[in-house]
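The values are calculated or read from the model by the stated rules, or taken from the named source; none is laboratory data. Everything numeric in this text was worked out from a predicted model, so none of it was measured. Glycine gets a Cβ as well: all are built from the backbone with ideal geometry, and neighbour counts include every protein chain shown.
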Amino acid sequence: MIPTETSRHLALDPVAQDLLFREARTATAFTSEPVGDEQVRAIYELVKYAPTSMNQQPMRVVLLRSPEARGELRTHLAHGNRAKAATAPLIALLAADLRFHETLPEVFPHLPEAKDLFADPAVRRDSALFNTALQVAYFIVGIRAAGLAAGPIVGYDADAINKAFFGDGTKEIVTVVNIGRPAAGSGHPRLPRLAFHDVVSTV
């Protein structure tokens with residue numbers, strides 16, 4: 001369906017806003033209900049449209065389903081995160097592809113020389129990590145939009161995970177995300193947020 005001029009200016013329903021933000025929580029425990037590949041596909045097919053710099057798409061997702069892969073990951077997590085990962089129906093590794101620039105001719109075709117702008121590996125890595133971080137945030141919101149809960153983890157041995165799961169050195173882990181239906185009582189109460197006047201200024 002092509003959006004009408006009126007529909008372009010409609011705000012998201014408050015119930016949907018609650019689902020994505022106000023009522024959503026980071027899950028620390030999950031039910032045993034599985035998360036299927038089609039659910040993950042639906043999440044990706046939604047969030048792939050979110051904006052990044054020059055339409056860069058460096059995020060790569062590795063789904064850990066086998067006991068061997070999940071067990072390997074847990075050995076590289078901080079002790080406080082291992083139990084959380086053990087109960088998650090699905091664990092996703094979200095990584096930055098340091099060779100993302102190779103797809104720029106495809107995803108940013110109106111600037112044929114775009115790939116050449118990232119010939120410097122340091123510049124390319126900075127851009128890959130920044131835009132992957134954006135995509136990670138969109139991915140988490142997409143998980144919530146699918147009626148699931150996300151439990152991002154950043155307490156881990158990054159070098160060990162990179163070696164175990166991205167051994168060719170072309171990708172770097174950005175975050176680990178547990179995905180599933182939240183268990184009753186999972187997550188902490190809503191923590192304080194900074195007020196508008198503490199964050200926003202006008203010049």
Among 28, 75, 87, the single one that is of a type in the set (S, T, N, Q) and modelled with pLDDT of 95 or more is 75
Selected residue (criterion: farthest from residue 77 (Cα to Cα)) from residues of segment 151-180 that are part of a loop (DSSP other than H, G, I, E, B) and either modelled with pLDDT of 95 or more or not charged (D, E, K, R) (or both):
170
By residue number, the members of segment 85-121 that are part of a helix (DSSP H, G or I) and acidic (Asp, Glu) are 102, 106, 113, 116
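Residue-by-condition table, conditions (1) surrounded by 11 or more Cβ atoms within 10 Å (Cβ to Cβ); (2) charged (D, E, K, R); (3) in contact with a strand residue (DSSP E or B) (Cβ under 7 Å, 6 or more places away or on another chain); (4) more than 26 Å from residue 101 (Cα to Cα):
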position	(1), (2), (3), (4)
11	no, no, no, yes
34	yes, no, no, yes
42	yes, no, no, no
49	no, no, no, no
63	yes, no, yes, no
71	yes, no, no, yes
